[in-house]
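J.: Let me begin by handing over the structure; questions about it come next.
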Amino acid sequence: MDSVLFKIQDSVIKYANIISKISKVDVEVMDENYYRVAGTGIFKDKINKDMSLESFVYTNVLKTGETSIVKNPGKEKICEACPNKEDCVETFEISTPINLRGKTIGVIGMMSSDIEHRELILDNLDDYLELLSQIAEFISAKAFEYMETKEIKETVSALEDVTKHLEQGVLIVDDKNTLISINKSAKEQLRLKESILGSKIAIEFTGDVIDDLKEYHVKIANRNYTLIGDLVDLNRKNTRYKKVLIFSDLVSLRNQLNKNITVVNPLAIDQIIGTSEKTMRLKEEILKISKTNSTVLITGESGTGKEMVATAIWKSSNRADKPFVAVNCGAIPEPLLESELFGYVKGAFTGADSKGRIGKFELANNGIIFLDEIGDMPLYLQVKLLRVLQDRKITRIGSNHLIDLDIRVIAATNKNLEKMIEEKKFREDLYYRLNVIPINISPLRERREDILPIIELLIDRYSKLSSKTYRYIDDEAIKALQKYNWPGNVRELENTIEFMINMMESDGVLDLKTIPENILYDEEENQMRDIMRIDELEQREIKKALDIYGHSTEAKNVIAKKLGIGIATLYRKLEKYN
């Protein structure tokens, strides 16, 4: 007895009683499996019984789907096979089909057992037929509602079972904008608990399409999110289950849309190698500034490790578990730099990826963006960067809505930005926005105590990478490496050690024979020039100071103090050497 009519048996019995009270005759309802679902009068005590041996008229109605009228029960042709035809107590019978989705799922039977009620039905036959037809429709509608609800529940149940195993986040919303289901991935991405179910949810399309996915502002119990995915409208009336929001894992999506993100090897402070006073002071500065959100400008010659310092700040900060996105402003073609930084939406401009792309600033949201080679940024983009630093908001190219940023900016350059300002190649207002916390990394030649520990680290790394057996480096080789001025700084030293490991013989010894010739020649030249004229030495140190501190009036005051001379003396010497 698992038919749909038995699933709504209470409603069927109610309708049977209504017919019986109106018509003053007995009523019964049989389902498609020949079981009595409802009955009144003489049938009341026979509910849930098998009717297969007594339902000859009903069988015909089930087959044809048409109403049957039997005016003389037991005597008509349709009654010939009935075993009770000789003892039939009925005097009149009407049987009407109950149809659902093109199929007959049951029969309503109305019958009289005396002449008086038979005549009453015959006199008002059209009214009785209309009554049965309407009740059949009511029962059918109730059955349809049950079936639809059952199907939806089964669909949602299946959907919930499937979504449990999806990497994508899934939110299911009812017709009252209440969150009724959330899968594991969504809970993890949005940092929600199961108790959030039952909360109100608002989903609003921002108008932006990226990678053929739509962007939505989502608010759940006073928490705001920006999600990228698809909102599926179940498009069913009178149901609790209205919408399903499926959104991609944010990390996976970011990686998919931004394949050219700079790969960095983050270092903690204790991994910065060196024991010199300048290196120790640098480590102290990193620790101090890492706990703030102020913008940092890292300066220093090429190869000194500006990215290493940036990642050390990141790893020591309260954003260590948030994104770190590095952008080399000098390596990206100028026409593409704006879209790389700020992103763009679908169809934003000719030549762009038709699917759209998330920009580096948005990728780094809540974390740190590292703008390397900031001196190479074109002037028109410097204006936009300044606005981002001031407002902490960005707009994707082709979009109209603002995206809030919670981000720390670290910039780096090996160029003299103050000189570029004088030459109108760099904006002064942007410089001061970036230079809130300045960090200068000294060149390797000014911290020679760091050379040996760096050499030892690099030898260990490259001997393992090349699968070579290393024994030791002799004193002459160490002396030569320590005397060299390293214009390419740590990067040049790294390349040199890699070369030496490749040149190392099977004895596992690094000696002068393994050192590149240009370094040995440079050492000989330095030995020939051990003694410099005073004016040459003075000119070299003044030039070095200008490269470090710049050419502004304020910088020259600092330089004079560093050199231990008066400002007037410094100007005389500058005029002399120029």
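The values are calculated or read from the model by the stated rules, or taken from the named source; none is laboratory data. Quantities reported herein were computed from a predicted structural model and do not represent experimental measurements. Backbone-built Cβ (ideal geometry, glycine too); neighbour counts: all protein chains shown. Just so you know, the surface numbers come from the protein's heavy atoms only, side chains and all, with ligands and any DNA or RNA stripped out. Shrake-Rupley method; radii C 1.70, N 1.55, O 1.52, S 1.80 Å.
J.: For segment 534-578 and segment 440-506, compute the distance between their C-alpha centroids and round to whole Å.
T.: Centre-to-centre distance over Cα atoms comes out at 33 Å.
J.: I need the peptides 535-547, 381-393 ranked by packing, meaning the mean over residues of other C-beta atoms within 10 angstrom, with the highest value on top. All intermediate terms of the calculation are to be shown ahead of the outcome.
T.: Values: 535-547: 13.9, 381-393: 15.5.
In decreasing order of mean packing, 535-547, 381-393 become 381-393, 535-547.
J.: Here's a follow-up. What nm value, rounded to one decimal, do you get for the distance between Ser467 and Val232 when each label is placed 7 Å out toward the C-beta?
T.: If labels sit at Ser467 and Val232, their model points lie 5.0 nm apart.
J.: In nm, to one decimal, how far is the modelled label at Thr553 from the one at Asn99, with both set 7 Å along Cα→Cβ?
T.: Spacing of the two 7 Å Cα→Cβ label points: 9.9 nm.
J.: What whole-number distance in Å separates the alpha-carbon centres of segment 1-51 and segment 88-141?
T.: The two parts, judged by their Cα centres, are 12 Å apart.
J.: Counting pairs of alpha carbon atoms under 8 Å apart in space and at least six apart in sequence, what relative contact order in percent does segment 465-510 give? Could you put the intermediate results ahead of the total?
T.: Numbers: 25 pairs, mean separation 30.8, N = 46.
Reported as a whole number, the value is 67 percent.
J.: Could you sort the peptides 557-567, 53-63, 222-232, 108-118 by per-residue average Cβ neighbour count (10 Å cutoff), highest mean leading?
T.: Details: 557-567: 13.8, 53-63: 17.6, 222-232: 15.8, 108-118: 19.5.
Descending packing order for the listed peptides: 108-118, 53-63, 222-232, 557-567.
J.: If you don't mind, there's one more thing I want to ask. Ordering Ser467, Ser302 by how much accessible area each has at a 1.4 Å probe, largest first, what is the list? Each step should come with its number before you reach the end.
T.: On the way: Ser467 105, Ser302 55 Å².
I get Ser467, Ser302, largest accessible area first.
J.: A further question follows. Could you give each residue of segment 332-340 its phi-based ³J(HN,Hα) in whole Hz, using Karplus coefficients 6.51, -1.76, 1.60 with θ = phi - 60°, and x for Gly or Pro?
T.: With the stated coefficients, segment 332-340 comes to 9, x, 3, x, 9, 5, 4, 5, 5 Hz.
J.: Here is a follow-up. Once the Cα gyration tensor of segment 300-397 is found, what semi-axes does its equivalent ellipsoid get, as square roots of 5 times the eigenvalues, in whole Å, sorted largest first? Numbers along the way, then the final one.
T.: Numbers: eigenvalues 117, 56, 31 Å².
Largest first, segment 300-397 gives 24, 17, 13 Å.
J.: Let me ask something else about it. Under 20 Å from a point 7 Å along the Cα-to-Cβ line of Gln271: which residues of segment 455-479 have their amide N that close?
T.: The answer is 455-466, whose backbone nitrogens lie closer than 20 Å to the label point.
J.: Just to verify a number: what accessible area does Lys322 come out at with the full protein assembly present, 1.4 Å probe, Å² rounded to tens?
T.: Taking all protein chains as shown, Lys322 has close to 60 Å².
J.: Right, something else. Val27's amide H: which non-local residues (gap 5+, or another chain) put their own amide H closer than 5 Å, with H modeled 1.01 Å from N in plane and none for Pro or chain starts?
T.: HN-HN under 5 Å from Val27: Thr40.
J.: Quick check: residue separation of Lys14 and Lys322 times 0.36 nm, minus the Cα distance between them. What number comes out in nm? Intermediate values should be presented prior to the final figure.
T.: On the way: separation 308, 0.36 × 308 = 110.88 nm, distance 6.31 nm.
104.6 nm is the gain from fully extending Lys14 to Lys322.
J.: Would you kindly calculate the translational diffusion coefficient of the chain, applying Stokes-Einstein with the Kirkwood radius from alpha carbon pairs, for 20 °C and a viscosity of 1.002 mPa s, and quote it in µm² s⁻¹ without decimals? Write out the running numbers ahead of the final one.
T.: Details: Rh = 32.0 Å.
D, rounded to a whole number, is 67 µm²/s.
J.: At 0.36 nm per residue, minus the direct Cα-Cα distance, what do Gln390 and Leu512 gain on full extension? Give it in nm, one decimal, please.
T.: Values: separation 122, 0.36 × 122 = 43.92 nm, distance 5.45 nm.
The Gln390-Leu512 span can extend by a further 38.5 nm.
J.: If I take R0 = 25 Å and measure r between the Cβ atoms of Asn177 and Glu151 in this structure, what FRET efficiency does the formula 1/(1 + (r/R0)^6) give, to the nearest 0.05? Numbers along the way, then the final one.
T.: Working: r = 23 Å, r/R0 = 0.91.
Given R0 = 25 Å and the Cβ-Cβ separation, E is 0.65.
J.: Helix 567-577: angle to the longest alpha-carbon principal axis of the chain, degrees 0 to 90, nearest 10?
T.: Here the helix axis deviates by roughly 80 degrees.
J.: What is the percent carbon and sulfur in the accessible area of segment 406-551, measuring with a 1.4 Å probe over the protein chains and ignoring ligands? Please report the intermediate quantities before stating the final value.
T.: Values: 4100 of 8390 Å².
About 49 percent, which is the carbon plus sulfur part of the accessible surface.
J.: Between Asn440 and residues 5 or more places away or on another chain, which pairs have amide H atoms under 5 Å apart, with H built 1.01 Å from N, and which residues are they?
T.: Thr299
J.: Calculated FRET efficiency, Leu457 and Lys219, Cβ-Cβ r, R0 45 Å, to nearest 0.05? Please list the in-between numbers first.
T.: On the way: r = 51 Å, r/R0 = 1.12.
Efficiency computed from Cβ-Cβ geometry: 0.35.
J.: Follow-up question, since we're still on this one. Taking the full set of protein chains and a 1.4 angstrom probe, give the accessible area of Ile22 in square angstrom, rounded to the nearest 10.
T.: 100
J.: Given the pairs Lys283/Lys384; Lys306/Lys384; Lys278/Lys306, which are separated by over 21 angstrom at their Cα positions? It would help to have the intermediate numbers written out before the result.
T.: Numbers: Lys283/Lys384 32 Å; Lys306/Lys384 24 Å; Lys278/Lys306 15 Å.
Pairs exceeding the cut-off: Lys283/Lys384; Lys306/Lys384.
J.: May I ask which of Lys49/Lys77; Lys425/Lys543; Lys103/Lys142; Lys14/Lys153; Lys424/Lys562 have a Cα-Cα span longer than 23 Å here?
T.: Details: Lys49/Lys77 26 Å; Lys425/Lys543 21 Å; Lys103/Lys142 15 Å; Lys14/Lys153 26 Å; Lys424/Lys562 28 Å.
Listed pairs above 23 Å: Lys49/Lys77; Lys14/Lys153; Lys424/Lys562.
J.: Return one quarter of the surface area of the convex hull spanned by the alpha-carbon atoms of segment 430-578, equal to its mean projected area, in nm². Mind dumping the intermediate values first?
T.: Working: hull surface 47.7 nm².
Across all orientations, segment 430-578 yields a mean hull projection of 11.9 nm².
J.: Pop out the ³J(HN,Hα) list for segment 106-119 in order, Karplus 6.51 cos²θ - 1.76 cosθ + 1.60 with θ = phi - 60°, rounded to Hz; leave Gly and Pro as x.
T.: x, 9, 9, x, 10, 9, 9, 10, 8, 5, 4, 6, 4, 5
J.: How much accessible area does Met308 have with a 1.4 Å probe, in Å² rounded to the nearest 10?
T.: Met308 exposes around 50 Å² with every protein chain in place.
J.: Okay, moving on. Using θ = phi - 60° and the Karplus curve 6.51 cos²θ - 1.76 cosθ + 1.60, what whole-Hz ³J(HN,Hα) does each residue of segment 314-324 get, with Gly and Pro shown as x?
T.: The phi angles translate into 4, 5, 9, 9, 7, 10, 4, 9, 9, x, 10 Hz.
J.: Separate question: For Lys278 and Asp2, calculate 0.36 nm times their separation in residues minus their Cα-Cα distance, and state this gained length in nm to one decimal. Present the calculation step by step, with values, prior to reporting the outcome.
T.: Working: separation 276, 0.36 × 276 = 99.36 nm, distance 8.44 nm.
90.9 nm is the gain from fully extending Lys278 to Asp2.
J.: Related question: Quick one: compute the contact order of segment 275-392, relative version, from alpha carbon pairs under 8 angstrom and 6+ residues apart, as a percent. Don't skip to the end; give the middle numbers.
T.: Values: 118 pairs, mean separation 29.7, N = 118.
About 25 percent, as a whole number.
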